[in-house]
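Taken together, the values in this text are just the output of simple stated rules run on the coordinates, not laboratory data. Since the model is a prediction, treat every value here as computed from it, not as a measurement. Cβ atoms come from the backbone with ideal geometry, glycine included; neighbour counts cover every protein chain shown.
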Amino acid sequence: MLDIVRKALLAGLGAVTLTKERAEVIVDELVKKGEMSKEEASKIIEELLEKSKEQREVVSDTFKSEFGRLRNDFGFVTRKEFDALEARIAAIEEKLGIQPKQEVVIDAEPAPAEAPAAETTEEKAE
């Protein structure tokens, strides 16, 4: 019985998103219905929370791994790598006596739509 309840809760709630409060509510309902004792309920709650924690860690590790793989596949650099390159460029510019260019700010706003083209002389003649 406990195994069936455990599997049903894990499947129904999603082990990754299970919170202690949610697990307690569900298990308390089973206790009220007489389908399990309070001792069994507390044991199941602890097991479910541990399983939920393990699943969150698996998802987190998988995400980090996949994100790192994609970063490498697309050739993106990390913030640390970018900052190191920026520092190297600044040092080279200083040695060469080059004035660093002003910081480039990329505007996140989309460019305005182009205005309609002016009439050509052919169009005016018509």
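If the segment from F67 to S42 were pulled out straight at 0.36 nm per residue, it would be longer than the present Cα-Cα gap by 5.3 nm. Each Lys or Arg adds one and each Asp or Glu takes one away; over the other residues whose Cβ falls under 14 Å from the Cβ of R79, this sums to -1. Checking the Cα-Cα distances for K32/K53; K53/K80; K20/K43 against a 22 Å cut-off, the pairs over it are K32/K53; K53/K80. Counting other Cβ atoms within 10 Å, which trypsin sites (Lys or Arg not before Pro) in the stretch 32-81 have at most 13 and lie in a DSSP loop? Qualifying residues, ordered by number: K33. I want the local charge near K38. Using Cβ-Cβ distances under 14 Å, sum +1 for each Lys or Arg and -1 for each Asp or Glu among the other residues. Result for the neighbourhood of K38: -4.
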